[in-house]
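J.: Below you will find the structure I want to go over with you.
The values are calculated or read from the model by the stated rules, or taken from the named source; none is laboratory data. Computed from a predicted structure; not experimentally measured. Note that we place each Cβ from the backbone using ideal geometry, even for glycine, and neighbour counts take in every protein chain shown. Surface accessibility is based on the protein's heavy atoms, side chains included, excluding ligands, DNA and RNA. Shrake-Rupley method; radii C 1.70, N 1.55, O 1.52, S 1.80 Å.
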Amino acid sequence: MPSLDTAVIVLAGIALFAAFVNGALGYGFSSLTVPLALVFYTNRILNPAVVLIEIFLNLYVLFINLNGVPAVWKRVFPILIGLLPGIAVGAFVLASLQPGWIKFGTYTVILPLILVQAAGWRRPIRSTWLIGLPFGTALGILYSVTTISGPPLAILFNNQGLVKSEFRAGLALVRVAESSVTAIVYYQLGLFIAESQNILLVFAPSVVLGVPLGAYLIRRLDAETFRRICMSFDAWVVGFGLSRVLIELNLMESPWAYSVMAITILIDAYLLYIFFTVQKTATSADRGRPDDPLLRT
């Protein structure tokens, strides 16, 4: 483990960047913070601080997207019901398993979800009780073990064709519920320890500064391009973290373990190339429309 000063400085920088992304997109704090911070801390120390920060972040996102709640709450209600048993199971796993294996599970589950999201996977999904309940349970397990739920939620809501306000409102509803319930369960299991409180003190000022900055600057950036670049960064970090934990658990030796990171970078680079190629084609098509001012005589 690095010296306290080094860990604190790195963690503050990670949290500031993740808060900036969360302010811009409405999600992303935990999915960016956790993979990087797990290099220095275990889930048991990190998770309680992340969960408490996310309660306030998600309430803020919900407040500014209240107009989308009436259109989306019926879709997310089955997910909210499914969350409850999932969070209980996940918190028990967090308290019971060896930290190294929890890191391994975190990276292994998150990496394919990020790559699927980066690939722009689209399949029509209707949020019925048949889908919502098991999805909510699986999401509750994932969140209480890793504090990450943005990628699977984004995949689900994107494939339901939600518009921007509905997407953010649905995301905020689910994440307010999961972070609040998880915090209660963590407290009951005695997972709030002094080290977690110290991390919380590092997170708080970074979030206060980063969220409004991200919300302001996203108005000047293309949101989809920014989101896609953040996913690439996240995928590369998770690939690195998975390589590291493979070495820690003696599952692979260095330097062969870093082939996981190399493969991840190659896959994401290909997906990134496709993304910008499609975007460039769409831009060219828009410019070629008859109503383009440049084509008017």
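J.: I need to check one value: relative contact order of the chain, counting alpha carbon pairs closer than 8 Å and at least 6 residues apart, in percent.
T.: Value for the chain: 31 percent.
J.: Based solely on C-alpha atoms, express the radius of gyration and the Dmax of the chain in angstrom.
T.: Cα only, the chain: 19.6, 72 Å (Rg, Dmax).
J.: Here is a follow-up. I'd like the projected area of region 1-83, averaged over all directions, using the convex hull of its alpha carbons. Report it in nm² with one decimal. Working shown, then result.
T.: Numbers: hull surface 25.4 nm².
Dividing the Cα hull surface by four gives the mean projection, 6.4 nm².
J.: Here's another thing I want to ask about it. Let me know the Rg and Dmax you get for region 4-44 when you use only its Cα atoms, in Å.
T.: Cα radius of gyration and Dmax of region 4-44 are 10.4, 31 Å respectively.
J.: I'd like the Karplus ³J(HN,Hα) series for region 100-113: coefficients 6.51, -1.76, 1.60, θ = phi - 60°, whole numbers in Hz, and an x wherever there's a Gly or Pro.
T.: x, 6, 5, 4, 4, x, 4, 5, 5, 6, 6, 4, x, 5
J.: May I ask you to compute the full-extension gain from Trp101 to Ile274, defined as 0.36 nm times their residue separation minus their alpha-carbon distance, rounded to one decimal in nm?
T.: Length difference between fully extended and current span is 58.9 nm.
J.: Ordered by packing density, taken as the mean number of other Cβ atoms within 10 Å over each peptide's residues, highest first, how do 188-197, 58-67 rank?
T.: By packing density, highest mean first, the sequence is 58-67, 188-197.
J.: Let me ask another. Rank by packing, highest mean first: peptides 258-268, 173-183, with packing defined as the count of other Cβ atoms within 10 Å averaged across residues.
T.: Going from most to least packed, we get 173-183, 258-268.
J.: While we're here: Ignoring ligands, DNA and RNA, what percent of the 1.4 Å accessible area of region 137-247 is carbon and sulfur?
T.: Result for region 137-247: 69 percent of the exposed heavy-atom area is carbon or sulfur.
J.: How much accessible area per residue does the chain have, in Å², with a 1.4 Å probe?
T.: 49
J.: Using 0.36 nm times the number of residues separating Phe77 and Leu249, minus their current alpha carbon distance, what extension gain do you get?
T.: 58.0 nm
J.: Next question, about the same structure. Rounded to the nearest percent, how much of the accessible area of region 1-117 (1.4 Å probe, protein heavy atoms only) is carbon and sulfur?
T.: In region 1-117, the share of accessible area belonging to carbon and sulfur is 78 percent.
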